[in-house]
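The values are calculated or read from the model by the stated rules, or taken from the named source; none is laboratory data. This is a predicted model, so every value here is computed, not measured. Note that each Cβ is placed from the backbone with ideal geometry, even for glycine, and that neighbours are counted across all protein chains shown. The protein model used for the area step is the full one, side chains on, heavy atoms only, and it has no ligands, DNA or RNA in it. Shrake-Rupley method; radii C 1.70, N 1.55, O 1.52, S 1.80 Å.
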Amino acid sequence: MRSFTFYERFSRAFHENSSLSKLLVVLTVSGGGIAAYAEANSESQSPRVDLINGSEGDGKRKKVVVLGTGWAGTSFLKNLKNPSYDVQVISPRNYFAFTPLLPSVTCGTVEARSVVEPIRRIVRKKNLNVLFSEAECIGIDAKNKKVYCRSNLGNNKEEFSVDYDVLVISVGARVNTFNTPGVEEHCHFLKEVEDAQRIRETVIENFEKASLPNLSDEERKRILHFVVVGGGPTGVEFAAELHDFVTEDLVKLYPKVMDVVKITLLEAADHILNMFDKRITAFAEEKFHRDGIDLKTGSMVVKVSDKEISTKERNGEISSIPYGMAVWSTGIGTRPLIMDFMKQIGQTNRRALATDEWLRVEGHDNIYAVGDCATINQRKVMEDIAAIFSKADKDKSGTLTVKEFKEVIDDICERYPQVELYLKNKKMKDIVELMKESKGDVEKESIELSIEEFKKALSQVDSQMKNLPATAQVAAQQGSYLADCFNRMEECERNPEGPLRFRGEGRHRFHAFRYKHLGQFAPLGGEQTAAQLPGDWVSIGRSSQWLWYSVYASKQVSWRTRALVITDWTRRYIFGRDSSGI
C-alpha cells in the first residue's frame with residue numbers, strides 16, 4: 001500500500017511539474033557513436049483555464065480559429081502563450097498523429113495509440129481559453145469572417161458556423177491519385193492512423209486467406225502479392241517494414257505459404273528516393289534487390305482493378321500485375337475545402353494556397369495558412385528592383401555605392417533569400433563580389449552601379465527560388481513560427497523587427513519565416529537506415545538506425561507517447577510483432 005502511495009505521488013508530481021521532465025535526456029549509444037537529442041518542449045504551468053467549455057470572450061480578446069490538428073496546427077497550439085486570444089480549434093479528429101511512424105503502425109512495430117495524443121491533453125495546462133469542436137470545416141467566408149462546419153460524430157451531421165477575427169488554416173492535404181481509374185476504390189492510402197490500421201488488418205487477412213486449403217496456387221500467389229505504388233520516403237519505408245514483418249515474424253507463423261509471398265515497388269521515375277542524395281538512392285535500390293523486393297522503375301500506373309494493376313512502361317508497353325493488396329503513396333493533392341476557398345479569393349491557377357513570407361494568405365491580413373495546404377509565394381527581386389535601388393540610394397545620386405549597398409544588404413537577403421542562395425551557389429563571399437562581377441575590373445570601394453547595372457547584377461538571382469517540401473518538418477516549424485509571432489504581436493507592433501519595407505516606410509513587424517532543414521531519414525529495413533543531415537553529411541547503416549530511434553523518440557509531442565513508442569520498440573525486439581487480426 002505504501003509503494004502504491006509513493007507511485008501515485010510521483011506520478012502526480014511528474015505530470016504537474018514540467019521541470020522534472022527536463023531531467024530526462026534521450027541518449028543513444030551504438031557502434032561507438034552517440035546520438036542525443038534536445039529535451040521536449042515543456043508545457044506551461046500557468047493557472048489553468050476551462051479548456052473544454054471554452055470562453056465566449058470578454059469583448060477585448062481576439063478570437064483565433066484554428067482549422068486542423070496536424071503538424072502545423074498542433075505546433076501552433078503547443079507554442080501559443082499569449083493569453084489575449086480566445087482560441088477555437090476545429091478538426092475532424094480530436095488528436096494529433098505522429099505521421100512519420102505510420103509505416104511502423106502498418107506492421108505492428110508500433111501500436112496506433114502510441115503515436116497519437118489527444119488535443120485536449122496537449123492544451124489543457126496552457127493559460128489560454130481554448131474551445132475544441134470535433135467537426136469538419138466545409139466552407140470559409142473571408143468577407144464575413146466565418147467558417148462553416150459539419151459535425152462528424154455518429155449520425156449527427158449538424159452544420160454550424162463560427163465567427164473569427166483571425167483564421168489559421170492548417171488542414172493539410174489529401175492523397176493525390178492523379179485521377180487514375182480505380183485507385184480510390186481499390187487501393188489503400190497511408191495518410192491517417194485509420195489507413196495504417198486497415199493496412200495491418202488486410203495484410204493479416206491475406207495471409208489467412210492464402211492458408212485456406214481450397215485455393216489454387218495461382219490465386220494464392222495473387223493474394224500474397226503486395227504492391228506499393230510510389231518510391232518516395234513513405235512508400236519505401238512501408239515496403240521495408242512489410243518485408244521485415246514477413247521475414248522476421250510471419251515466416252514462423254505461415255511457413256507453408258512463405259515461398260509465394262512477393263513485394264513489388266512501382267515508381268514512375270527512373271529512381272526511388274529522388275529527393276535524397278544519390279548515394280542513398282543507390283544503396284536503397286541495391287538493398288531492395290538484395291532483399292528480394294521487386295523494384296520496377298519507369299512504371300507508371302494507368303489503371304487499377306480489384307485484382308490487377310495496369311502499368312505503362314518506358315517503351316509504351318502496357319502490362320498487368322495481379323495483386324492481393326495495393327498501397328498508393330504517390331504524393332499529395334489539394335483538399336476540396338482549399339480548392340473552393342482558392343476560387344473565392346482568385347487563386348484558381350495554383351496547387352496550394354499562396355501566402356507571403358509571413359504565412360499570411362495573399363490579400364487577407366487576418367488569414368494565415370500553414371502546412372501542406374499552403375505554399376509561400378516568395379516575392380521576386382526583379383519585381384522590386386526599382387524600389388530596392390531607390391531605398392538604397394540614400395543620397396539620390398542615381399548610382400549605388402558599395403557603402404550604400406552594405407547598409408541594406410542584410411534586409412535584402414532576409415526579404416529575398418534567393419539572393420543569399422545565389423551567392424552561395426556562385427561561391428561568392430558577399431554582394432560586393434557580385435557588384436564587381438557586373439561592373440568589371442574596378443577597385444572594390446569605388447564601385448558605383450546605375451539602375452541598369454544593378455538590374456544586370458541581380459538578373460539571375462530569382463532563378464534560385466524553390467518551393468518548400470511538403471513535410472512534417474516544414475509544417476512544424478511554420479506552426480512554431482506563427483505562434484511566436486502571435487505571442488509578440490503587441491510588442492512588434494510598437495517596435496517592428498523585420499526587414500525594411502522597400503515599397504513603403506518603416507520595417508515589417510516580424511522577421512520573415514525561414515525554414516531550417518534539420519535532415520531527413522529513410523528507414524530501409526533490417527535495422528538499417530539512411531540519414532542525410534545538413535552539410536552534405538550522409539550516413540547509412542545500423543548506427544543511423546539508432547540515430548533514427550533517438551530523434552523520433554525525442555520528437556514525440558509528450559512524455560506519454562515517447563514512453564509508449566520506446567516500449568513498443570522494446571516489445572518488438574523481444575517478442576516480435578503481433579499478428580492478431582484486430
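Which one of Ser539, Ser558, Ser579 is free of Cβ contacts under 8 Å to residues at least 12 places away in the same chain, open to solvent by 10 Å² or more (accessible area, probe 1.4 Å) and in contact with a helix residue (DSSP H, G or I) (Cβ under 9 Å, 6 or more places away or on another chain)?
On the way: Ser558 fails: free of Cβ contacts under 8 Å to residues at least 12 places away in the same chain; Ser579 fails: free of Cβ contacts under 8 Å to residues at least 12 places away in the same chain.
Selected residue: Ser539, the only one of Ser539, Ser558, Ser579 that is free of Cβ contacts under 8 Å to residues at least 12 places away in the same chain, open to solvent by 10 Å² or more (accessible area, probe 1.4 Å) and in contact with a helix residue (DSSP H, G or I) (Cβ under 9 Å, 6 or more places away or on another chain).
The conditions of being buried (at least 18 other Cβ atoms within 10 Å of the Cβ) and touching a Phe, Trp or Tyr at 6+ places or on another chain (Cβ under 7 Å) are not met by Phe502. Which one of these is touching a Cys at 6+ places or on another chain (Cβ under 8 Å) and in contact (Cβ under 8 Å) with a residue 40 or more places away in the chain: Cys485, Cys492? Unique residue meeting the criteria: Cys485. Would you confirm, using the coordinates I've provided, whether Asp395 is open to solvent by 30 Å² or more (accessible area, probe 1.4 Å) and within 28 Å of the chain's Cα centre (by Cα)? So Asp395 fails the test. Checking each residue in segment 336-369 for being among the β-branched types (Val, Ile, Thr) and free of Cβ contacts under 8 Å to residues at least 12 places away in the same chain picks out only Thr348. Check whether at least one residue in segment 473-493 is open to solvent by 60 Å² or more (accessible area, probe 1.4 Å) and either part of a strand (DSSP E or B) or basic (Lys, Arg) (or both), and report yes or no. No, the conditions are met nowhere in segment 473-493. Every condition in (1) within 26 Å of Leu102 (Cβ to Cβ); (2) modelled with pLDDT of 95 or more; (3) open to solvent by less than 90 Å² (accessible area, probe 1.4 Å); (4) of a type in the set (D, E, K, R) is met by Asp277 except one, and the failing one is (2). Does segment 136-155 contain any residue that is surrounded by 17 or more Cβ atoms within 10 Å (Cβ to Cβ), at pLDDT 95 or above and of a type in the set (Lys, Arg)? Yes, there is a match, as at least one residue in segment 136-155 is surrounded by 17 or more Cβ atoms within 10 Å (Cβ to Cβ), at pLDDT 95 or above and of a type in the set (Lys, Arg).
In segment 317-343, of all residues being of a type in the set (S, T, N, Q) and part of a loop (DSSP other than H, G, I, E, B), the one that is surrounded by the fewest Cβ atoms within 10 Å (Cβ to Cβ) corresponds to Thr334. Helices (runs of 4 or more DSSP H) fully within segment 163-255 that include at least 3 residues being surrounded by 18 or more Cβ atoms within 10 Å (Cβ to Cβ) and modelled with pLDDT of 95 or more: 193-210, 217-223, 233-245.
Restricting attention to segment 259-273, and to residues there that are surrounded by fewer than 16 Cβ atoms within 10 Å (Cβ to Cβ) and over 21 Å from Val302 (Cβ atoms), which single residue is modelled with the highest pLDDT? Filtering first and then ranking leaves Val260. What pairs can you find where one residue is in segment 180-207 and under 13 Å from Val105 (Cβ atoms), the other is small (Gly, Ala, Ser) and open to solvent by 20 Å² or more (accessible area, probe 1.4 Å), and their Cβ atoms are less than 7 Å apart, with a gap of 6+ or different chains? Close Cβ pairs (under 7 Å, with a partner that is small (Gly, Ala, Ser) and open to solvent by 20 Å² or more (accessible area, probe 1.4 Å)) amount to Leu190/Ser329; Glu201/Gly581. Within segment 510-536, being surrounded by 13 or more Cβ atoms within 10 Å (Cβ to Cβ), in contact (Cβ under 8 Å) with a residue 60 or more places away in the chain and assigned to a loop (DSSP other than H, G, I, E, B) holds for Phe510, His511, Ala512, Phe513, Leu524, Gly525, Gly526, Gln528. Within segment 365-392, if we keep just the residues that are open to solvent by 40 Å² or more (accessible area, probe 1.4 Å) and not in a helix (DSSP H, G or I), the residue that is nearest to Val66 (Cα to Cα) turns out to be Asp365. Those strands (runs of 3 or more DSSP E) of segment 261-316 in which at least 2 residues are polar (S, T, N, Q), considering only elements entirely within it, cover 308-312. Candidates are the residues of segment 457-472 that are in a helix (DSSP H, G or I) and modelled with pLDDT of 85 or more; the one that is surrounded by the fewest Cβ atoms within 10 Å (Cβ to Cβ) is Ser463.
Determine whether segment 411-422 contains at least one residue that is aliphatic (A, V, I, L, M), without any contact (Cβ under 8 Å) to a residue 60 or more places away in the chain, open to solvent by 20 Å² or more (accessible area, probe 1.4 Å) and more than 19 Å from Leu449 (Cα to Cα). Yes, some residue in segment 411-422 is aliphatic (A, V, I, L, M), without any contact (Cβ under 8 Å) to a residue 60 or more places away in the chain, open to solvent by 20 Å² or more (accessible area, probe 1.4 Å) and more than 19 Å from Leu449 (Cα to Cα). Cβ-Cβ distances below 6 Å connect the following pairs, each with a first residue in segment 370-395 that is at pLDDT 90 or above, a second residue that is open to solvent by 30 Å² or more (accessible area, probe 1.4 Å) and among the hydrophobic types (A, V, I, L, M, F, W, C), and a separation of six or more residues or different chains: Asp372/Ile332; Asp372/Ala470; Cys373/Val171; Gln378/Met465; Phe389/Ile451. Within segment 116-123, is there a residue that is outside any helix (DSSP H, G or I), more than 26 Å from Glu241 (Cβ to Cβ) and at pLDDT below 95? Within segment 116-123, none of the residues are outside any helix (DSSP H, G or I), more than 26 Å from Glu241 (Cβ to Cβ) and at pLDDT below 95.
Which of the residues belonging to segment 320-330 are under 16 Å from Thr180 (Cβ atoms) and at pLDDT 95 or above?
Within segment 320-330, the first condition is being under 16 Å from Thr180 (Cβ atoms), and the residues that meet it are 320-321, 323, 326-330.
Matches in segment 320-330: Ser320, Ile321, Tyr323, Ala326, Val327, Trp328, Ser329.
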